[in-house]
Amino acid sequence: MSTSRTQVAIIGAGPAGLLLGALLHRAGIDHIIVERQSPEYVLGRIRAGILEQGTVDLLHEAGVGDGVAQGGTVHNSIELVFKNTRHPIDVTRLTNGKVVTAYGQTEVTKDLMQQRTRLGLPTVYSAEDVSLHDFDGHTPQVRYVKDGAAHVINCEFIAGCDGFHGVARASVPKDAITEYEKVYPFGWLGVLADVPPVSTHAIVYANSDRGFALCSMRSPTRSRYYVQCPMSDKVQDWSDQRFWDEIRLRLDPEMAQRMVIGPSIEKSIAPLRSFVAEPMRFGSLFLAGDAAHIVPPTGAKGLNLAAGDVKYLSSAFIEYFKEKSDAGINHYSQRALARIWRAERFSWWLTSLMHRFPDSEGFGQKMQEAELAYLVHSEALSTSLAENYVGLPLDFAI
Ligand code: APR
Ligand code: PHB
């Protein structure tokens with residue numbers, strides 16, 4: 001058995017773990033990342049791609065801002081479609097100049113991985129049997145097996161950045177954690193295709209009789225599109241032709257006619273879930289990102305929330321190691337959860353507003369229609385949508 005020592009052991013090399021590692025490195029704090037999968041597997045996951053300004057700023061702070069600066073596309077508005085009619089929402093005007101940037105999570109992950117390789121930062125990929133020990137005291141340990149050999153990492157803190165299905169949250173005694181959850185009665189079928197996006201300046205969110213549809217992009221030549229579907233559907237049920245026919249029926253006629261179609265390069269069905277675990281700290285263990293919370297993808301808050309957690313957590317560790325202050329680590333959970341619940345509310349609201357609910361009565365449907373009609377004519381409600389879409393500030397009173 002080999003034993004090593006570090007200041008912070010990070011579980012998971014998704015965007016949360018990688019970004020935390022980059023920020024700790026810049027502050028001169030020793031860390032190691034332990035990841036269950038291979039680098040290729042991590043990069044194969046396709047997720048949302050809208051970055052709040054705070055997230056872009058954090059990528060620059062972490063020294064990996066060049067990719068988004070060169071490859072990102074700035075969005076000033078969003079397009080809502082209902083009753084087959086398009087309604088632009090001028091997000092930048094409604095938020096006194098704020099924008100979001102379209103840049104895929106896969107690219108963010110790749111930029112961070114390449115930086116780690118360049119800097120020679122330690123990452124253990126394909127780690128098996130990762131387990132957490134003694135995090136209720138001051139001498140926590142992470143153990144894992146790699147190529148048949150057992151390893152132990154002694155550390156001062158463990159950062160659980162291992163996503164919704166990770167080992168960190170699952171290691172906490174059940175009576176120390178409260179979980180809140182809502183599962184939606186549908187999924188999203190996503191398609192990636194090398195065709196020019198139907199809208200390059202704004203994401204399109206469509207509410208139609210046939211269900212929700214979304215048009216997004218990864219670059220001027222790569223589109224990411226989704227349609228709401230029953231969770232019982234299988235990817236094999238959806239030929240490319242069926243997908244293109246369906247999404248066009250859910251848009252306004254002009255956009256449908258303009259949409260360029262082509263072979264899919266990825267196709268997958270994802271469930272929609274809202275989930276929060278409280279608190280996010282258990283002694284020397286801190287949860288961040290999807291390990292602690294999930295939002296439905298409507299509004300693209302998942303990565304941005306993970307970035308917010310990492311900002312709070314890296315500042316807390318820096319305060320602890322550099323200023324010998326416990327204040328940041330003591331406030332971490334409360335500070336992060338205040339922002340998380342607001343983003344949970346926004347994601348739930350936009351999901352509820354835009355999807356067809358199989359169990360919804362006629363009344364629920366009418367409420368949705370009335371709210372959409374109100375939204376596009378009300379400066380107040382449009383402003384609320386816009387300020388949440390660009391991202392709530394990281395620092396607000398709790
Ligand atoms: N041991 C080590 N690593 C693990 C383990 C384990 N037992 N279980 C999971 N992991 C790894 C996963 O393989 C994955 O690479 O942890 C990583 C978690 O990454 P993500 O799921 O991407 O979560 P996070 O980094 O919090 O990113 C949040 O991802 O799902 C989106 O919407 C979400 O965009 C948001 C972002
Ligand atoms: C995406 O680009 O995949 C995306 C964009 C906006 C969303 C959700 C997903 O609200």
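Throughout, read-outs are computed from the coordinates displayed, never taken from laboratory work. Worth saying up front: this structure is predicted, and the values here are computed from it rather than measured. Neighbour counts run over all protein chains shown; Cβ positions are idealised from the backbone, glycine included.
Key figures for this structure:
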{"quantity": "Alpha carbon convex hull of the chain, projected area averaged over orientations, nm²", "calculated": "19.9 nm²"}
{"quantity": "Under 13 Å, Cβ to Cβ, from residue 163 - net charge with Lys/Arg +1 and Asp/Glu -1", "calculated": "+1"}
{"quantity": "Mean projected area (nm²) of the alpha-carbon convex hull when segment 255-373 is viewed from all directions", "calculated": "11.6 nm²"}
{"quantity": "Largest to smallest principal axis extent of the C-alpha atoms in segment 74-120, angstrom", "calculated": "52, 27, 10"}
{"quantity": "Built amide H within the under 5 Å cut-off of residue 187, gap 5+", "calculated": "229, 231"}
{"quantity": "Computed log₁₀ I(q)/I(0) - Debye formula, equal Cα scatterers, no solvent, segment 319-397, q 0.11, 0.23 Å⁻¹", "calculated": "-0.47, -1.10"}
{"quantity": "For segment 210-336: lysine pairs under 24 Å (alpha-carbon distance), excluding those fewer than 8 apart on one chain", "calculated": "5"}
{"quantity": "P(r) histogram, all alpha-carbon pairs of segment 48-100 included - 10 Å bins from 0, percent", "calculated": "22, 42, 27, 8, 1"}
{"quantity": "Using θ = phi - 60° and Karplus 6.51 cos²θ - 1.76 cosθ + 1.60, couplings along segment 22-39 (whole Hz; Gly, Pro as x)", "calculated": "5, 5, 5, 4, 5, 8, x, 9, 6, 7, 9, 10, 10, 10, 6, 9, 7, x"}
{"quantity": "Exposure rule at most 15 other beta-carbon atoms within 10 Å, DSSP loop chymotrypsin sites (Phe, Trp or Tyr not before Pro): the chain longest free segment", "calculated": "165-395"}
{"quantity": "At most 16 other Cβ within 10 Å, DSSP loop - trypsin sites (Lys or Arg not before Pro), segment 142-215", "calculated": "210"}
{"quantity": "In nm, spacing of pseudo-spin labels at residue 357 and residue 84 (7 Å Cα→C-beta vector)", "calculated": "2.6 nm"}
{"quantity": "Amide H contacts under 5 Å for residue 124, placed H, 5+ residues apart", "calculated": "33, 34, 35"}
{"quantity": "Spin-label model distance (nm) - residue 182 vs residue 136, 7 Å beyond Cα toward Cβ", "calculated": "3.4 nm"}
{"quantity": "Debye-sum result for segment 1-102 in log10 I(q)/I(0), which assumes one identical scatterer on each alpha carbon, at q = 0.14, 0.16, 0.17, 0.24 Å⁻¹", "calculated": "-0.74, -0.87, -0.93, -1.30"}
